[in-house]
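Trainee: Sharing a structure with you now.
Only the coordinates and a few stated rules stand behind these numbers; no lab work does. Remember, it's a predicted structure, so these values are computed and weren't measured experimentally. In this analysis, Cβ positions are derived from the backbone assuming ideal geometry, glycine residues included, and neighbour counts consider all displayed protein chains.
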Amino acid sequence: MSNITFSMIKPDAVGAGNSGAILKMIEEAGFKIIAMKKLRLSRERAGQFYEVHKERPFYGELCEYMSSGPIIAFVVEKSNAVEDFRTLIGATNPQEAAEGTIRKLFATDISANAIHGSDSDENANIEANFFFSQLERV
Ligand code: IDP
Ligand code: MG
């Protein structure tokens with residue numbers, strides 16, 4: 001069972017002033033924040049992060065969007081972190097996201113969907129390492 005996952009509050013949610021409300025939901029769901037920073041990705045760096053999607057039709061739009069404003073990148077810890085965090089954020093398309101999930105409450109559309117959550121233990125580690133060194137985590 002995994003105990004860490006990686007997340008980003010995306011530019012739409014940061015820009016709308018929803019970061020605090022989203023982080024409150026995450027903490028109330030039992031996740032402990034072990035690293036965090038606010039930054040703006042360059043288009044190139046966004047492209048590197050989403051490299052796995054480079055053949056998908058929305059890749060260009062996704063890279064534009066993810067570099068359009070600041071994000072908050074963070075790592076959280078909890079038992080079964082990857083799966084429980086994906087449940088908390090809801091489906092990729094907010095129109096399909098369950099009631100009470102972060103994307104249902106805060107996402108704009110399928111592209112600007114408020115928040116990222118890693119989809120596997122392997123990717124959680126790769127993505128956490130993309131933004132943070134071991135020493136930056138408490
Ligand atoms: P996930 O974030 O729920 O894991 P992925 O399929 O991994 O969803 O897609 C990564 C991100 O790419 C999504 O969170 C969303 O921002 C964007 N995205 C996914 N599908 C579409 C689409 O059909 N149109 C536009 N953007 C999309
Ligand atoms: Mg994904």
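Trainee: Taking other Cβ within 10 Å of each residue's Cβ, how do Val52, Val76 sort, fewest first?
Mentor: Ranked by crowding around the Cβ, least crowded first: Val52, Val76.
Trainee: Starting from the Cα of Leu39, move 7 Å in the Cα-to-Cβ direction to define the label point; list residues of the stretch 1-28 whose amide nitrogen is under 19 Å from there.
Mentor: 5-15
Trainee: Using the Cα centre of the chain as origin and beta-carbon charges of +1 (Lys, Arg) and -1 (Asp, Glu), tell me which of Val14, Phe31, Leu88 is placed farthest towards the positive end of the dipole.
Mentor: Farthest towards the positive end: Val14.
Trainee: Thinking of the stretch 61-132 as a set of Cα atoms, what percent of all their pairs are more than 19 Å apart?
Mentor: More than 19 Å apart: 39 percent of the Cα pairs in the stretch 61-132.
Trainee: Continuing with this model, one more query. Ranking request for peptides 102-108, 83-89: highest mean number of other beta-carbon atoms within 10 Å first, then the rest in descending order.
Mentor: By packing density, highest mean first, the sequence is 102-108, 83-89.
Trainee: Ratio of the chain's C-alpha Rg to 2.2 N^0.38 Å, to two decimals?
Mentor: Cα Rg divided by the expected 2.2 N^0.38 Å: 0.96.
Trainee: Longer than 20 Å from Cα to Cα, which of Lys10/Lys38; Lys24/Lys78; Lys10/Lys37; Lys10/Lys78 are they? Say none if no pair is.
Mentor: Too far apart for the 20 Å limit: Lys10/Lys78.
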